[in-house]
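Here is the structure we will look at, set down as C-alpha cells.
The values are calculated or read from the model by the stated rules, or taken from the named source; none is laboratory data. Values in this document were obtained by computation on a predicted structure and should not be read as measured data. Cβ atoms come from the backbone with ideal geometry, glycine included; neighbour counts cover every protein chain shown. What goes into the accessible areas is simple: the full protein's heavy atoms, side chains included, and nothing from ligands, DNA or RNA. Shrake-Rupley method; radii C 1.70, N 1.55, O 1.52, S 1.80 Å.
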Amino acid sequence: LHNKGIYAMRIILLGAPGAGKGTQAQFIVEKYSIPQISTGDMLRTAVQTNSELGVKAKKIMEEGKLVPDELAIALVKQRISQADCRGGFLLDGFPRTLSQADAIIEAGINIDYVLEFDVPDQVIIERIAGRRIHAPSGRIYHLRFNPPKIENKDDITGEPLTLRKDDQEATVRQRLVEYHQQTEPLLSYYRKQAAAGNTHYFKLDGTHKVGEIRDELTAILG
C-alpha cells in the first residue's frame with residue numbers, strides 16, 4: 001500500500017490510440033513496481049502453455065472470433081491472483097467496452113485509479129500519420145517532431161523510410177471511430193464510479209510534454 005491510506009495501485013488507463021498511454025504505462029510500472037497486464041499478452045501465454053483457458057481461447061481465435069468477455073475476465077482474475085499483483089497492477093487495453101467494465105466489478109476486482117489521457121483526434125492523427133520508420137533497424141522518425149536530415153531517408157544508412165499500415169491516416173481514423181463508439185462510454189462510466197466513491201478518476205491533458213505528464217502522475221499516485 002502506498003501513502004494514500006487504503007489505496008493500492010490497481011490502475012486503468014483510458015484514452016484513444018496514440019494518446020500516449022504506452023509511454024506513461026512504462027513509467028508507472030517502473031516507478032511503482034507493479035506489473036502491466038495486457039490481455040493480448042495473457043492470451044498468447046495461455047495459448048502457448050496450453051492452459052485450460054488457453055485451449056478455449058485458441059479454438060475461438062482459430063474460428064476468427066473475438067474472445068468473449070467471460071474468458072478475458074477469467075484470464076485477468078487468474079493473472080491478478082499471482083503474487084506480483086499484491087501491490088497493484090496496471091490494466092493495459094482492458095476494459096474496452098461497458099460490458100467488460102461491468103464484468104470487472106462483478107468479478108469483485110476493485111480499481112483504485114482510472115487515468116484518462118485526453119488528446120483531440122486531429123492531434124492524434126498528426127502524431128501517428130506523421131511517423132516514418134526505417135524497417136531494418138526499427139528507427140522511428142516523425143515528419144514534424146523528429147524529421148530525418150534528408151527527406152524520407154534514414155539518417156544512418158540513407159535507405160528509404162516507410163509508412164506502416166497501422167500509421168496510415170485512414171487506419172488511424174478507423175481506429176478512432178471504433179474508440180469513440182466502443183471505449184469512450186467508459187469515461188462517463190468511471191466518472192460515475194468515482195462520484196459514488198468506488199474509484200479515483202483523473203483526466204490528464206495528453207498534449208502536454210511527456211515529463212509534465214509524468215510529474216502530474218507522480219502527484220496523483222504519490
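Scan the range 43-52 for residues that are polar (S, T, N, Q) and open to solvent by less than 70 Å² (accessible area, probe 1.4 Å) and jot them down.
S51 - this is the single residue of the range 43-52 that is polar (S, T, N, Q) and open to solvent by less than 70 Å² (accessible area, probe 1.4 Å).
In the range 113-142, how many residues are free of Cβ contacts under 8 Å to residues at least 40 places away in the same chain and not hydroxyl-bearing (S, T, Y)?
13
Restricting the search to the range 24-40, which residues are under 12 Å from the mean Cα position of the chain (by Cα) and exposed (fewer than 14 other Cβ atoms within 10 Å of the Cβ)?
Q26, G40
Filter the range 212-222 down to residues that are in contact (Cβ under 8 Å) with a residue 24 or more places away in the chain and either among the acidic types (D, E) or farther than 23 Å from H142 by Cβ (or both), then give me how many there are.
Adding up the residues that qualify gives 5.
Tell me, which residue of the range 141-156 that is within 27 Å of the chain's Cα centre (by Cα) and open to solvent by 90 Å² or more (accessible area, probe 1.4 Å) is modelled with the highest pLDDT?
Within the range 141-156, the match that is modelled with the highest pLDDT is L143.
Among the residues of the range 130-140, which ones are open to solvent by less than 80 Å² (accessible area, probe 1.4 Å) and β-branched (V, I, T)?
Correct list: I133 only.
Any residue in the range 53-74 that is buried (at least 18 other Cβ atoms within 10 Å of the Cβ) sitting within a Cβ distance under 9 Å of a residue that is β-branched (V, I, T) and modelled with pLDDT of 90 or more? List the pairs, counting only those 6 or more apart or interchain.
D69/T97; I73/I104; I73/I109
Being over 18 Å from I12 (Cβ atoms) and of a type in the set (V, I, T), is that true of even one residue in the range 179-195?
Among the residues of the range 179-195, not one is over 18 Å from I12 (Cβ atoms) and of a type in the set (V, I, T), which makes the answer no.
Can you tell me which residues in the range 102-129 are open to solvent by less than 10 Å² (accessible area, probe 1.4 Å) and assigned to a loop (DSSP other than H, G, I, E, B)?
D112, the sole residue that qualifies.
With respect to S99, determine if the residue is open to solvent by 30 Å² or more (accessible area, probe 1.4 Å) and within 20 Å of S188 (Cα to Cα).
yes
Give the residue, chosen from R79, R10, that is touching a Cys at 6+ places or on another chain (Cβ under 8 Å) and buried (at least 19 other Cβ atoms within 10 Å of the Cβ).
The match here is R79.
Would you pick out the residues in the range 157-211 that are part of a helix (DSSP H, G or I), in contact (Cβ under 8 Å) with a residue 12 or more places away in the chain, of a type in the set (V, I, T) and surrounded by 13 or more Cβ atoms within 10 Å (Cβ to Cβ)?
Within the range 157-211, V172, T183 meet the criteria.
Go through the range 39-98 and count every residue that is assigned to a helix (DSSP H, G or I), under 14 Å from I109 (Cα atoms) and among the aliphatic types (A, V, I, L, M).
Within the range 39-98, residues that are assigned to a helix (DSSP H, G or I), under 14 Å from I109 (Cα atoms) and among the aliphatic types (A, V, I, L, M) number 6.
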